[in-house]
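J.: My questions all concern the structure below.
The values are calculated or read from the model by the stated rules, or taken from the named source; none is laboratory data. None of these values were measured; they are calculated from a predicted model. Cβ placement follows ideal geometry from the backbone for every residue including glycine, while neighbour counts extend to all protein chains displayed. These accessible areas exclude ligands, DNA and RNA; they are computed on the full protein's heavy atoms, side chains included. Shrake-Rupley method; radii C 1.70, N 1.55, O 1.52, S 1.80 Å.
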Amino acid sequence: MERRYFGSTRHEVAVIGQGTWYDENEDRDSSIATLRLGLDVGMNHIDTAEMYGSGAVERMVGQAIAGRRDEVFLVSKVLPQNASRRATITACERSLGRLRTNRLDCYLLHWRGRYPLEETIAAFEQLRQDGKILSWGVSNFDVPDLKEVWNLAGEGQLACNQVLYHLNERAIEHAVIPWCEKQGVAVVAYSPLGHGKFPGPRSTGARVLKEIAELHDATPRQVALQFLLRRPGLFAIPKASTPEHTLENAGTGDFQLSAADLERIDQAFPPGPRPARLPML
């Protein structure tokens, strides 16, 4: 599994990680086994949030990583309604308790809310000073918000921006990715396979993915993930509900797309115009 430095943290993190959104709807034992299998095959980045199942998914992740904490780059998120200075610290401590750990490798503001960013950043810095988080970042931030964070926190403090990114939703390519690349901020793609909206078998895009996959002895989903990771500084956190899906995700790093492959995919899934607001699920 290919690893890249995760933004300013200098931690080497697998380009394909493990998302856990909606894991509370899956069989608990199966989800735990799937996360452990992901660690076995090198997917060391596990992403969760206090929002997922109102803490239930963090408890599941805590059980999955028991005895293996040092293998994991562990990320969780604070809800915007909990993002005041005092409440951020309390929310983080609750997450640590559910995850059965004394630290997060990265802690994110899930999206921007009513509390001033100064308060949330101050809480993040306090948590880092106390050793409860090793780095911090944001999620669902467009460039104006990213610039505000950068100006408030200073150079090199913002580790990542986690954003919606898949073949049919490429809005971040217009400005978010270029800004993050320039500043050395990691970009993490959530729902990279479209959150249940992967191209149907009869679509032109699906045929292109299938043809390219056959050239590389790969699957269409692996091709899609490879396309998203074609630029440095990008990571993806697909969710897997079965061992087979986990192994398929992990196999994404076993081949490289050619320039011709990339061009065909780009034409089949055009990015479209830049939207007025960055999309979220």
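J.: List, please: which pairs have Cβ atoms under 6 Å, are six or more places apart or on different chains, and start with a residue in segment 266-281 that is charged (D, E, K, R) and end with one that is surrounded by 11 or more Cβ atoms within 10 Å (Cβ to Cβ)?
T.: What qualifies is Arg274/His174.
J.: Does segment 190-221 hold any residues that are under 23 Å from the mean Cα position of the chain (by Cα) and aliphatic (A, V, I, L, M), and which are they?
T.: First, the residues of segment 190-221 that are under 23 Å from the mean Cα position of the chain (by Cα): 190-199, 209, 218-221.
Within segment 190-221, Leu193, Leu209, Ala218 qualify.
J.: Follow-up. Please find, within segment 105-130, the residue that is most open to solvent (accessible area, probe 1.4 Å) out of those that are among the hydrophobic types (A, V, I, L, M, F, W, C) and under 24 Å from Val13 (Cβ atoms).
T.: Within segment 105-130, the subset among the hydrophobic types (A, V, I, L, M, F, W, C) is 106, 108-109, 111, 117, 121-124, 127.
Filter once more, keeping what is under 24 Å from Val13 (Cβ atoms): 106, 108-109, 111, 121, 123-124, 127.
Working: Cys106: 0, Leu108: 0, Leu109: 6, Trp111: 76, Ile121: 17, Ala123: 0, Phe124: 3, Leu127: 2 Å².
Across segment 105-130, the extreme among qualifying residues is Trp111.
J.: Anything in segment 213-229 that is open to solvent by 10 Å² or more (accessible area, probe 1.4 Å) and part of a helix (DSSP H, G or I)? List them, or say none.
T.: Answer for segment 213-229, where residues must be open to solvent by 10 Å² or more (accessible area, probe 1.4 Å) and part of a helix (DSSP H, G or I): Glu214, Leu215, Pro220, Arg221, Gln222, Gln226.
J.: Follow-up question, since we're still on this one. Kindly list the number of the only condition in (1) touching a Phe, Trp or Tyr at 6+ places or on another chain (Cβ under 9 Å); (2) more than 20 Å from Gly137 (Cβ to Cβ); (3) open to solvent by less than 50 Å² (accessible area, probe 1.4 Å) that fails for Phe73.
T.: For Phe73, the failing item is (2).
J.: Residue under question is Asn102, and the condition is that it be surrounded by fewer than 17 Cβ atoms within 10 Å (Cβ to Cβ) and touching a residue at least 24 places away in the same chain (Cβ under 8 Å); does it hold? Lay out the reasoning, then the answer.
T.: Values: surrounded by fewer than 17 Cβ atoms within 10 Å (Cβ to Cβ): yes; touching a residue at least 24 places away in the same chain (Cβ under 8 Å): yes.
Yes, satisfied.
J.: Would you mention how many residues in segment 139-156 are open to solvent by 40 Å² or more (accessible area, probe 1.4 Å) and part of a loop (DSSP other than H, G, I, E, B)?
T.: Qualifying residue count for the region: 1.
J.: Also, quick follow-up: How many residues does segment 181-210 hold that are in contact with a helix residue (DSSP H, G or I) (Cβ under 9 Å, 6 or more places away or on another chain), farther than 16 Å from Pro270 by Cα and touching a residue at least 60 places away in the same chain (Cβ under 8 Å)?
T.: Going through segment 181-210 one residue at a time, the tally reaches 3.
J.: Given the condition over 30 Å from Asn25 (Cβ atoms), charged (D, E, K, R) and without any contact (Cβ under 8 Å) to a residue 24 or more places away in the chain, answer yes or no: does some residue in segment 229-244 qualify? Don't jump to the end; show me each part of the working.
T.: Residues of segment 229-244 over 30 Å from Asn25 (Cβ atoms): 230-233.
With charged (D, E, K, R) added as a condition, the list becomes 230-231.
With without any contact (Cβ under 8 Å) to a residue 24 or more places away in the chain added as a condition, the list becomes none.
No - not one qualifying residue is present in segment 229-244.
J.: Mind checking which residues of segment 157-212 are in a helix (DSSP H, G or I), open to solvent by less than 50 Å² (accessible area, probe 1.4 Å), under 20 Å from Pro273 (Cα atoms) and of a type outside the set (D, E, K, R)?
T.: Let us first name the residues in segment 157-212 that are in a helix (DSSP H, G or I), namely 171-173, 176-183, 204-212.
Next, from what is left, pick out any that are open to solvent by less than 50 Å² (accessible area, probe 1.4 Å): 171-173, 176-177, 179-180, 205-206, 208-209, 212.
Subset that is under 20 Å from Pro273 (Cα atoms): 171-173, 176-177, 179-180, 205.
Within segment 157-212, Ala171, Ile172, Val176, Ile177, Trp179, Cys180, Gly205 qualify.
J.: If the Cβ limit is 6 Å and pairs must be 6+ apart or interchain, which residue in segment 87-99 that is without any contact (Cβ under 8 Å) to a residue 60 or more places away in the chain pairs with which residue that is open to solvent by 60 Å² or more (accessible area, probe 1.4 Å) and part of a helix (DSSP H, G or I)?
T.: Partner pairs satisfying both residue conditions: Arg98/Arg59.
Every residue, every condition in (1) outside any helix (DSSP H, G or I); (2) not basic (Lys, Arg), yes or no:
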site: Arg4; (1), (2): yes, no
site: Trp21; (1), (2): yes, yes
site: Leu37; (1), (2): no, yes
site: Ser54; (1), (2): no, yes
site: Ala66; (1), (2): yes, yes
site: Leu74; (1), (2): yes, yes
site: Thr88; (1), (2): no, yes
site: Ala91; (1), (2): no, yes
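J.: Oh, and also: Considering only segment 1-28, state which residues are open to solvent by 80 Å² or more (accessible area, probe 1.4 Å) and either among the aliphatic types (A, V, I, L, M) or closer than 11 Å to His45 by Cα (or both).
T.: Arg3, Glu12
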